[in-house]
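What follows is a short report on a single structure.
The values are calculated or read from the model by the stated rules, or taken from the named source; none is laboratory data. All values reported here derive from a predicted model rather than from experimental measurement. Positions of Cβ are backbone-derived with ideal geometry, glycine not excepted, and every protein chain shown enters the neighbour counts.
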Amino acid sequence: KQEVTQIPAALSVPEGENLVLNCSFTDSAIYNLQWFRQDPGKGLTSLLLIQSSQREQTSGRLNASLDKSSGRSTLYIAASQPGDSATYLCAVIGRTSGTYKYIFGTGTRLKVLA
Amino acid sequence: DTGVSQDPRHKITKRGQNVTFRCDPISEHNRLYWYRQTLGQGPEFLTYFQNEAQLEKSRLLSDRFSAERPKGSFSTLEIQRTEQGDSAMYLCASSLGGQGSEKLFFGSGTQLSVL
């Protein structure tokens, strides 16, 4: 059974700092991994999708890497801003019983202080 | 294209009542997912459709829960005889299905409170 863990559970940093969020998963047979952002009381917004054949993806100040063999992904946020404050979730999709579903971690709650 | 929309945004009900939520996916997306999220937790998978076919249901989905996607367009999630433990955010997501490589798009969710 796939399990996804995110460390740390919460993080508070001063504005301008570079930071790394971690995601680990127990079953390396995944098709892809997605990082999402969630603001309080809202739905999830996709940030980056890494397919299993890829090692990393970049979008603006965000960079996500994937090491399938070790079951790990990191989300790097450069030059953090107060507007980055949110919960960041990672999710993996792998074939289970002939269907496809995403399994989510519990998220990292990020607070960037002005 | 306005993204995935869910209705209502909030629902307050008394224990024992039935509730129904609606999700309108992005129009060309063939896959539709329902997730449930409680405070401080990640979304938990409930069920998933490919077109009109319901392909998987989680064991979390008791017989009080039923989901439909007639004609492969919008979907409804009904909870019968609600319990306080059903209080959660119910999230709908859609994707354009391939071989698991698709990007997932979420709606804003329906927050259910059972009193």
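Inside the stretch B:7-80, counting only strands (runs of 3 or more DSSP E) that do not spill past its ends, which hold 2 or more residues that are free of Cβ contacts under 8 Å to residues at least 12 places away in the same chain and under 15 Å from B:A93 (Cβ atoms)?
Correct list: B:53-57.
Of all residues in the stretch B:1-57, count the ones that are acidic (D, E), out of contact with any Ser or Thr (no Cβ under 6 Å at 6 or more places or on another chain) and over 21 Å from A:Q38 (Cβ atoms).
3
Does A:G16 qualify as being free of Cβ contacts under 8 Å to residues at least 24 places away in the same chain and either exposed (fewer than 12 other Cβ atoms within 10 Å of the Cβ) or not hydroxyl-bearing (S, T, Y) (or both)? Spell out how you get there, then give the answer.
Details: free of Cβ contacts under 8 Å to residues at least 24 places away in the same chain: no; either exposed (fewer than 12 other Cβ atoms within 10 Å of the Cβ) or not hydroxyl-bearing (S, T, Y) (or both): yes.
In short, no.
Which one is surrounded by the fewest Cβ atoms within 10 Å (Cβ to Cβ), of the residues in the stretch A:34-47 that are in a strand (DSSP E or B) and of a type outside the set (K, R)?
A:T45
Would you mind stating whether A:T74 is away from chain B (no Cβ under 14 Å), closer than 24 Å to B:Q41 by Cβ and either without any contact (Cβ under 8 Å) to a residue 12 or more places away in the chain or within 13 Å of the chain's Cα centre (by Cα) (or both)? Give the steps one after another, and end with the answer.
Values: away from chain B (no Cβ under 14 Å): yes; closer than 24 Å to B:Q41 by Cβ: yes; either without any contact (Cβ under 8 Å) to a residue 12 or more places away in the chain or within 13 Å of the chain's Cα centre (by Cα) (or both): yes.
Taking the combined requirement at face value, the residue satisfies it.
To keep it simple, each residue is scored yes or no on (1) within 10 Å of the chain's Cα centre (by Cα); (2) at pLDDT 95 or above.
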| position | (1), (2) |
| --- | --- |
| A:R61 | no, yes |
| A:S70 | no, no |
| A:S80 | no, yes |
| A:G83 | no, yes |
| A:S97 | no, no |
| A:T108 | yes, yes |
